[in-house]
Amino acid sequence: MHDDEFDDEEEELDLDDYPTLVSVVRFNKLLPSISWFEEVGQPLTEESFAVARDYMNALGFPDAFVGEVEDWDDAAYAASNPDWNSDWWEAEEQLRMGLTTAALELISEEDLNAALTQISATASSVVTTAVEAITDDNGIEDQELIRAAVGSALQTCHQAALVLAAGEEDTHPFAIKYKLFEQGHWPIAITGNSFNIF
């Protein structure tokens, strides 16, 4: 589905009938304005620390701590670390499935899939361009690392779109994690008790 087709669909929607789907459409239009990865390697601000803490608490990991990733080498290690916290992954997966179920109570499967496909297409283009520009500027040629960065951002966009589609609040863990990307950082993963953020 092309952007213009998606916009036409938005115009045909009754806001009273499909408010969450319209929220996803609007979210899609905002993706190009995000400062993707522009603050990686910079010290986290107090606000970013607070957002990270909110995410860990909301997800059920109050004992985890923020691990600041300082450079691309450390980011590569954190992204490829086989010791990712499986409880963290499972918690996110359960949330994803729950949001999908809730969204399908409000939106048809066809409309939800179309909206998520458009999110993926927009985010893929915008994020890939941003990551390639930043890694070029830093002399990073590790394609696996570049794919990991892009993939992480795309997954978070998908998760955030599901939050909107399901009519959830911005206090949902996925909405909170998306804020870290909005701030220009890369929340990589929870490894052990460390929430690694670049």
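Each value in this text was obtained by applying a stated rule to the coordinates, not by laboratory testing. Note that the structure is a prediction, hence the values are computed from the model and not measured. Backbone-built Cβ (ideal geometry, glycine too); neighbour counts: all protein chains shown.
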Next item on the list: Report, in deg cm²/dmol and to the nearest 500, the calculated mean residue ellipticity at 222 nm for the chain, where each DSSP H run with n ≥ 4 adds -39500 (n - 2.57) and the sum is divided by the residue count.
Entry: -21000 deg cm²/dmol
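Checking the a/c ratio against 1.5 first, then a/b against b/c, what shape does the Cα gyration tensor give for region 16-114? Don't jump to the answer; show the numbers that get you there.
Numbers: a/c = 2.18, a/b = 1.60, b/c = 1.37.
It comes out prolate by the Cα gyration axes.
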Check: Remind me, relative contact order of region 128-185 in percent, using alpha carbon pairs under 8 angstrom and six or more residues apart?
Finding: 26
Notebook entry, point to check: Relative contact order (percent) for region 63-198, with alpha-carbon contacts under 8 angstrom and 6 or more residues of separation?
Noted result: 44
Next item on the list: Determine ³J(HN,Hα), in whole Hz, for all residues of region 56-69 in sequence, where each value follows from phi through the Karplus function 6.51 cos²θ - 1.76 cosθ + 1.60 and θ = phi - 60°; x replaces Gly and Pro.
Entry: 4, 5, 5, 7, x, 10, x, 8, 6, 10, 7, x, 6, 8
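Between the DSSP loop rule and a limit of at most 14 other Cβ atoms within 10 Å, which GluC sites (Glu not before Pro) in region 157-198 are left?
GLU169
Can you divide the C-alpha Rg of region 134-190 by 2.2 N^0.38 Å and report the result to two decimal places? Walk me through the numbers before you get to the answer.
Working: Rg = 13.2 Å, N = 57, 2.2 N^0.38 = 10.2 Å.
Relative to the 2.2 N^0.38 Å estimate, region 134-190 comes out at 1.29.
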Notebook entry, point to check: If all Cα-Cα distances of the chain are sorted into 10 Å bins from 0 onward, what percent lands in each bin, rounded to whole numbers?
Noted result: 9, 36, 35, 17, 4
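Rank by packing, highest mean first: peptides 38-51, 113-126, with packing defined as the count of other Cβ atoms within 10 Å averaged across residues.
Working: 38-51: 15.1, 113-126: 18.1.
Descending packing order for the listed peptides: 113-126, 38-51.
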Item checked: Signed unit charges on C-beta, dipole axis of the chain, positive-most listed residue TYR18, PHE49, GLN159 -> PHE49
Item checked: Cβ charges +1 (Lys, Arg) and -1 (Asp, Glu), total dipole of region 19-197, debye -> 600
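Decide, for region 54-163, between rounded, prolate and oblate: order the square roots of the alpha carbon gyration tensor eigenvalues as a ≥ b ≥ c, take rounded if a/c falls under 1.5, and otherwise choose prolate if a/b is larger than b/c, else oblate. Let's see the in-between values first.
Working: a/c = 2.74, a/b = 1.28, b/c = 2.14.
Here region 54-163 falls in the oblate category.
So if we plug the beta-carbon distance of THR45 and GLU141 into 1/(1 + (r/R0)^6) with R0 = 25 Å, what FRET efficiency do we get, rounded to 0.05? Write down the numbers at each step before the final one.
Numbers: r = 30 Å, r/R0 = 1.19.
Here the calculated transfer efficiency is 0.25.
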Checklist line | Inverse mean reciprocal Cα-Cα distance (Kirkwood Rh) of region 98-198, Å | finding: 14.7
